[in-house]
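Throughout, read-outs are computed from the coordinates displayed, never taken from laboratory work. These figures come from a predicted structure and were not determined experimentally. Note that each Cβ is placed from the backbone with ideal geometry, even for glycine, and that neighbours are counted across all protein chains shown.
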């Protein structure tokens, strides 16, 4: 009689074990043909960033330095046949580059170690088209090394951009030869300069001299990066971070970090370690879609993956320095608007600031960056919701809070958060400020270490007679910033209309642009 009991208990034990495994959040999950819509929503609610993705997201502001032979030829795209004697930045100061960005509030920089022209800013032993054949420091220079050293000095993250397309390499188009060449150059960059925090690839892919299209060995490159620099995020032709889809600095108003993938991509991801994603997720839909991860999108997926968006833009019309654009640098207000539409739409801003022919960030760029830093400080140093009396309709504090809802929602800590009770996927929170305040920006943040969940919210103020809506949004994610006409009020109400399981609101802020 005991044997049937054991057999009966085994499926139950396996079921409980599967629940335990499922409860451990992951950055990728399969969807079964037997999953109901409710099952899919539950799975989506538990997708979380990897440690490297979380670190990257919290940077908020990163910088690109487009610098190379194009700086001296006054071009955007070189052809690989440049006269290298032109390259001689007489005052180059990588410390000035990195210090400028740090003082502007940026946390990481990426240097264009090699652009499409194939010119290398380090003395690569695999090509003659490099800095060692220029007048700069009599051929003894290494600008990648100088930038890496400056990053260490100023405590900044360091990243490299290495163009897969190389218009100088005569064997580009011979996939085997060129991929070996590229792997050798990537090895140099990943092994000479200490810690690398981000490796940035684009998808540019022209024909080689033989008229053939080069087939890039991205998977081999990813494996090399994971082995030599395991902490580095790989963007945007990479498995960790995707391109938002434009170079305008404007992200989607509905930006999900949890995205659907198709059957082939699901199989490729499942074949590799989920901890160390080795393939680019084949996201369903198009990069032009305004909503890439809503319920309608994930319903037909074969898998779900955490794949956040990087929003890139240049401070100038071009990506390399051009003297004629000195009066076309984005102003502090334009940069603030870009911050609101990138970081403020669940992205990371990658702002390009190109050094000039002297090897310095130009005065015009520095001036606008200084003004931007001051504008950011003036705007976000004072959260007008701090100290407010908080009355939630239904909710509890989690993550080590002391039971004071206002403190949890304004403590600057993502992992202390407010959530609804029971199975409620909606909640309302009222804030009573200590006095009427005037504000024109609202900030929301989720605790993305347990998932991205909020699907829709509205924010209202009480005018003494009735509640009036002054802004609303869909997704929140790491951070959502909404700007609106100034409102003066003492009583504010946030309503989370819908969420994937219980929402996890970590921060709420009200701010006023000066």
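For the residue pair residue 184 and residue 291, what label-to-label distance in nm results when each label sits 7 Å from Cα along the Cα-to-beta-carbon direction?
Using points 7 Å along Cα→Cβ, the separation is 5.2 nm.
State, as an integer percentage, the relative contact order of the stretch 389-511 based on alpha-carbon contacts under 8 Å between residues 6 or more apart.
Details: 321 pairs, mean separation 44.0, N = 123.
Relative CO of the stretch 389-511 lands at 36 percent.
Work out how much length residue 42 to residue 468 would gain on full extension: take 0.36 nm times their residue separation and subtract the Cα-Cα distance, in nm to one decimal. Can you show the working numbers first?
Working: separation 426, 0.36 × 426 = 153.36 nm, distance 3.29 nm.
Difference between extended and current length: 150.1 nm.
Does anything in the stretch 135-178 have its amide N under 16 Å from the 7 Å Cα→Cβ label point of residue 210, and if so which residues?
Residues 166-178 fall inside that zone.
Between rounded, prolate and oblate, where does the stretch 389-511 land on the alpha carbon gyration tensor, with a ≥ b ≥ c its root eigenvalues, rounded for a/c under 1.5, else prolate if a/b exceeds b/c? Present the calculation step by step, with values, prior to reporting the outcome.
On the way: a/c = 1.57, a/b = 1.43, b/c = 1.10.
Taking the square roots of the gyration eigenvalues as a ≥ b ≥ c, the stretch 389-511 is prolate.
Helix 143-154 versus the longest principal axis of the chain: what is the Cα-based angle in degrees, 0 to 90, to the nearest 10?
Roughly 40 degrees between the two axes.
For the stretch 404-434 and the stretch 338-371, write down the distance between their C-alpha centroids in whole Å.
34 Å
Quick check: Cα centre of the stretch 187-222 to Cα centre of the stretch 458-496, how many Å?
Centre-to-centre distance over Cα atoms comes out at 45 Å.
Round to a whole angstrom and tell me the spacing of the C-alpha centers of the stretch 286-321 and the stretch 35-56.
16 Å
May I ask you to compute the full-extension gain from residue 371 to residue 125, defined as 0.36 nm times their residue separation minus their alpha-carbon distance, rounded to one decimal in nm? Working shown, then result.
Numbers: separation 246, 0.36 × 246 = 88.56 nm, distance 4.22 nm.
Result: 84.3 nm gained on full extension.
Does the chain come out rounded, prolate or oblate, given a ≥ b ≥ c as the square roots of the eigenvalues of its C-alpha gyration tensor, rounded meaning a/c under 1.5 and, failing that, prolate meaning a/b above b/c?
The shape class here is oblate.
On C-alpha positions alone, give me the angle between the axis of helix 332-342 and the longest principal axis of the chain, in degrees, nearest 10.
Rounded to the nearest ten degrees, it is 60.
Give the residues of the stretch 160-192 whose amide nitrogen is closer than 16 Å to a point set 7 Å from the Cα of residue 85 in the direction of its Cβ.
none
Treat each spin label as a single point 7 Å out from the Cα along the C-beta direction, and report the residue 328 to residue 263 distance in nm.
Label at residue 328, label at residue 263, 4.9 nm between them.
Would you mind telling me the antiparallel percentage of the DSSP bridges in the chain, rounded to 5?
Values: 53 of 84 bridges.
Taking every DSSP beta bridge within the chain, about 65 percent pair in antiparallel fashion.
By how many degrees, 0 to 90 and rounded to 10, does the Cα axis of helix 2-23 deviate from the longest principal axis of the chain?
Computed tilt is about 60 degrees.
Which distance in nm do the two modelled labels at residue 483 and residue 393 give, with both placed 7 Å along the Cα-to-Cβ direction?
3.1 nm
How large is the helix-only mean residue ellipticity at 222 nm for the chain, computed as the sum of -39500 (n - 2.57) over DSSP H runs with n ≥ 4, divided by its residue count, in deg cm²/dmol to the nearest 500? Write down the numbers at each step before the final one.
On the way: 13 runs with 143 residues, N = 514.
Counting only the DSSP helices, I get -8500 deg cm²/dmol.
Determine the relative contact order of the chain: mean sequence separation of Cα pairs under 8 Å and six or more apart, normalised by residue count, in whole percent. Don't jump to the answer; show the numbers that get you there.
Working: 1166 pairs, mean separation 81.1, N = 514.
Relative CO of the chain lands at 16 percent.
If you stretched the chain out fully between residue 424 and residue 231, how much longer would it get, using 0.36 nm times the residue separation minus the C-alpha to C-alpha distance? Write down the numbers at each step before the final one.
Details: separation 193, 0.36 × 193 = 69.48 nm, distance 3.71 nm.
Extra length available between residue 424 and residue 231 comes to 65.8 nm.
Decide, for the stretch 311-367, between rounded, prolate and oblate: order the square roots of the alpha carbon gyration tensor eigenvalues as a ≥ b ≥ c, take rounded if a/c falls under 1.5, and otherwise choose prolate if a/b is larger than b/c, else oblate.
Values: a/c = 2.53, a/b = 1.96, b/c = 1.29.
In terms of gyration-tensor shape, prolate.
Test of understanding: ordering 333, 132, 292, 99 by Cβ neighbours within 10 Å, fewest first, what list do you get? Write out the running numbers ahead of the final one.
On the way: 333 13, 132 20, 292 25, 99 16.
Least crowded to most crowded, the residues run 333, 99, 132, 292.
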